[in-house]
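Enquirer: Before we start, here is the structure in question, set down as structure tokens.
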């Protein structure tokens, strides 16, 4: 059985996703239970896969036994195994969180369907991670995107369907660009397998076809990961989606998009072309990333809705990841990969703690958070831990990735990037401190807050605690990402 | 020059159709028209993919027992998948528009944005 | 120099943290909380004291906790300099715990058994743990962590009264301190790591020869700008803003722990990261010394114009802290000795002054100097202690302040900077100008209402007792500075 694990990690949740809505008709709790079962299975499976990679090296699984490059190949190496573990772990955490949160925010009759779509979203993400075939990537990308659009539209607020629709339009344009890029690469090389493309593309980099293909990929993925200035779908989508959906999408959706982008850049196109021929491309992305880092934080300061503030904060964090990628050196890339890990943890904790407050109260305005620090201590302490981590205080995960990004910048001699990193951290201090000030140091109305159920608090606190644990035991993610970077650099 | 245009006519057609679709997505205010534009946009890409599969002198790619020149079946397979994806996108989009109509009573984006300004 | 591994420094830090858990676990029991606090202060002081003999023999204690990233460890180191700071902080913490109990009892009587006072003591304990952690930090990374924790845990203390002024002052406090450390200190630390691969302290500095001169100068500037806790102008604005805090906070934290952590960090950076020789080569000592001189004079001038007693004391602190910075910037042995001595002596002197200010506030509710006519007759013990503290600031024998100023002057002479000797002299005059009038008003001016009966009504016993102890210490240190002087001499000898 274990030799089929790479595909079972995808197939079993997929099948369960189809069963969940049906089972939900018998008893609504079954659909949640099946979702939890599916995500737990995926998590255990991904841990086993990463373990196997650490001991025996990269796993290559041939779908249906067909040999690549004719068949579809699933590849688990340090990079994909690492991201797979992160995504499946956060999926488990958010699923536990979702039980009461979703029951509160979504219409009763729609809940079984919700869990079906929710599981399909996770399946889509995981498929994007494990696949080694770029068209398969497109298929899973669209699975996760479509379900994402639907999940966003299920929010309680009036604006949710419109936010979902706008996300759909922009997202589909992006996905179609990616499809075009895939098509152009196929025209140029005749293969769809990522490793094969990596072997065949060198030598073709002068052709306009390949250059255009990369341009399409760049735009398409920039839309998917909400890289400034193609980020406009993100604030509304994260704000109006149900709390559990925001938590899951913010922490995994854009990260998997970044993962795929990194795969395309390093495995399909290969780092050499960016160092030798297309030299202006990394510089271009460095500028965009720096602008994203600063503008995202500046826009976040102006927000009055806490979810929107966190959404703009995500825009700036994506900038960090792309900065690490665009540095085109091993340490910088390691910083980017670490930030994928760290930001996923931090944002999940932040959105879940906001969800705890919104439970049964619908409070999302920062002004309404006054005095909540002592009424909801655990979730607010979790929020503070996430905030400190985003600012980059040592002993939190945020510090580790910023440290590596700074080192990567100096490796290239680009010391001017360090002020950018530092200034955006200080900006983060400004907008997070405003919230923390409201929470702990201002008196609120004597409103009785409903008690937060344990099933919501425990995942929040655990994920927030991990922000501190992996900030102190930083050698664990650093080791894994270090090996991943070696593989990506070839 | 003319040979250049004529030889690559499939690319020209797909680009023109794509731009028409893209224009509709951006410029039209009616949500249904946006969806139509999106669909046209995606269809142009399908046309491109299929057109590149053509092999001169090739025949239907069903093995007939003898050696023959076949056109490339792979793009067809890929596009079948992509068409299904496109159909799903359109379906989800329509579902969302129905919901929007229920909420706002209109499917003109300008009118909806006006209403939202008074909301928040 | 014998290096021994010992877990004692860790215990010194942990005691306070464990007490936090105890205090928070038993809410609404004020007496228990007081006992916990005093016992923990006593135990901390005892542990620190127990390490003293080894240090006096020239030994060093080290303890390694965990390696977070290659080259970034959390490690502790007890050496002469750390011992100076830790002894001062832990002894004064013991005294302040009594003072705080007295102050909180009389100032917040309704609430005294409540949870908000529990939290006050809890954050106070965390602040102490962070101060001891700063003293015993074995490398820049550990130092930075404790430095930041100190900022974060003192924020709720400054904002404690939750009035709009308190919240605004606290915000200013936090933004200044956290902003400068994120913008300047962190990049400086990062550059140090990038060029040397380590952040450990070494008696000859770690940067020499590892980076181009331009980078070294920029790193030095970033460090100085980033250590805003030392209140070097123009990074001083947080200190007056923090005076909105309850007086025990102002006394211990802003006369002793937070500000001393700042100058302590500067001393560490100057002596143990850059090293005396490197800074002499780069001529950076002079620039720092003149910056400090500017602060000394400017802050004293501003102090002259303050009517609020705490604010006057705040500006006096800014000025006095730069004495320490000046001393170490002179890069001579007397200068460094004077700098370290001043760290201690100013702490004792200033805390006495703040204790007195708090006592006056608690008994009479007065905060402005112009209201304090004749207070000496009402509160003789308090004002006597105040006078001793003031004399120490002015550096008149037989009060301890004279000793540190003597060494600082010798240091300036050794460095051939006679202009700085003049600065020190002028500063003494200015100190007299803004302290002696207070003493004059208190003792020699009659109270505002002539017919009023002037009874002696002193502050509660705990507060007055604390006052007396610190003022006596200020006197004693003049006659018997041996421990601190020996430790200071050892620091210089190791260079």
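Enquirer: What is the stretch C:34-102's relative contact order, in percent, from Cα pairs under 8 angstrom and six or more apart in sequence?
Expert: Relative contact order comes out at 39 percent.
Enquirer: Here is a further query. Suppose R0 equals 22 Å; then what is the FRET efficiency for residue A:109 and residue A:448 from their Cβ-Cβ distance, rounded to the nearest 0.05?
Expert: 0.15
Enquirer: Under a crude label model (7 Å from the Cα following the beta-carbon direction), how far is residue B:77 from residue B:29 in nanometres?
Expert: It works out to 4.8 nm between the two label points.
Enquirer: Quick check: the angle from helix A:28-56's long axis to the longest principal axis of chain A, C-alpha only, nearest 10 degrees?
Expert: 40 degrees
Enquirer: Listed highest first by mean packing, meaning other Cβ atoms within 10 Å per residue, what order do A:396-405, C:427-436, A:419-428, C:277-286 come in?
Expert: A:396-405, A:419-428, C:427-436, C:277-286
Enquirer: Here's a follow-up. Mind checking the angle between helix C:164-180 and chain C's longest principal axis? C-alpha axes, 0 to 90 degrees, to the nearest 10.
Expert: The answer is roughly 10 degrees.
Enquirer: Moving to a separate point now. Could you order peptides A:381-393, C:37-49 by the average number of other Cβ atoms within 10 Å of their residues, highest first?
Expert: With the highest mean Cβ count within 10 Å placed first, the list reads A:381-393, C:37-49.
Enquirer: For residue A:187 and residue A:287, what does the FRET efficiency come to when R0 = 35 Å and r is the distance between their Cβ atoms, rounded to the nearest 0.05?
Expert: Efficiency for this residue pair is about 0.70.
Enquirer: To the nearest whole number, what is the average tally of beta carbon atoms from other chains within 10 Å of the beta carbons of peptide A:156-166?
Expert: Taking all residues of A:156-166 together, the mean is 6.
Enquirer: Another one. Can you tell me the relative contact order of chain C? Whole percent, Cα pairs under 8 Å, sequence separation 6 or more.
Expert: 15 percent
Enquirer: Another question about this same structure. Which residues in the stretch A:282-307 place their backbone N less than 17 Å from a point set 7 Å from the Cα of residue C:215 along the Cα-to-Cβ direction?
Expert: No residue passes the distance filter.
Enquirer: Return the calculated 222 nm mean residue ellipticity for chain A, to the nearest 500 deg cm²/dmol, obtained by summing -39500 (n - 2.57) across DSSP H runs with n ≥ 4 and dividing by the residue count.
Expert: Computed mean residue ellipticity for chain A: -25000 deg cm²/dmol.
Enquirer: Obtain the nm distance between the two label points defined at residue C:494 and residue A:67 by a simple spin-label model: each point lies 7 Å from its Cα along the Cα-to-C-beta direction.
Expert: Going from the residue C:494 label point to the residue A:67 one covers 6.8 nm.
Enquirer: In Å and from the alpha-carbon atoms only, list the Rg and Dmax of the protein assembly as shown.
Expert: Looking at the protein assembly as shown, its Cα Rg and Dmax stand at 33.6, 128 Å.
Enquirer: Stokes-Einstein at 10 °C, 1.306 mPa s, Kirkwood radius from Cα pairs: D for the stretch C:56-185 in µm² s⁻¹?
Expert: Approximately 96 µm²/s, per Stokes-Einstein.
Enquirer: Something else: Residues in the stretch C:290-314 near a label at residue C:426, defined as backbone nitrogen under 17 Å from the 7 Å Cα→Cβ point?
Expert: C:290-305
Enquirer: Then there is this: Please give the helix C:8-25 orientation as an angle from the longest Cα principal axis of chain C, in degrees from 0 to 90, rounded to the nearest 10.
Expert: 40 degrees
Enquirer: I've got another one for you. From other protein chains only, count the Cβ atoms within 10 Å of every residue's Cβ in C:183-192, then give the mean.
Expert: 4
Enquirer: What number, rounded to the nearest 500 deg cm²/dmol, is the helix-based mean residue ellipticity at 222 nm of chain C, given -39500 (n - 2.57) per DSSP H run of at least four residues and division by all its residues?
Expert: The helix-only estimate for chain C comes to -23500 deg cm²/dmol at 222 nm.
Enquirer: Counting other beta carbons within 10 Å of each Cβ, put A:297, C:334 in order, fewest first.
Expert: By the 10 Å Cβ count, ascending: C:334, A:297.
Enquirer: Let me ask you something else. Provide C:105, C:115 in ascending order of the number of other Cβ atoms located within 10 Å of each residue's Cβ, fewest first.
Expert: C:115, C:105
Enquirer: Next up: What whole-number distance in Å separates the alpha-carbon centres of the stretch A:82-134 and the stretch C:3-81?
Expert: Rounded to whole Å, the Cα centres lie 46 Å apart.
Enquirer: Only Cα pairs under 8 Å and at least 6 apart count here; give the relative contact order of the stretch C:118-191 as a rounded whole percent.
Expert: Taking the mean separation of contacting Cα pairs over the length of the stretch C:118-191, I get 28 percent.
Enquirer: For peptide B:38-50, compute the average count of partner chain beta-carbon atoms within 10 Å of each residue's beta-carbon.
Expert: Mean number of neighbouring Cβ atoms from other chains: 3.
Enquirer: Kindly state, to the nearest 0.05, the FRET efficiency for residue A:370 paired with residue B:116, given R0 = 35 Å and r defined as their beta-carbon distance.
Expert: 0.85
Enquirer: How would you rank A:467, A:348, going from fewest to most other Cβ atoms within 10 Å of each one's own Cβ?
Expert: A:467, A:348
Each reported figure results from applying straightforward, stated rules to the coordinates on display, with no laboratory input. This is a predicted model, so every value here is computed, not measured. Reconstructed Cβ throughout: ideal geometry from the backbone, glycine too, with neighbour counts over all protein chains shown.
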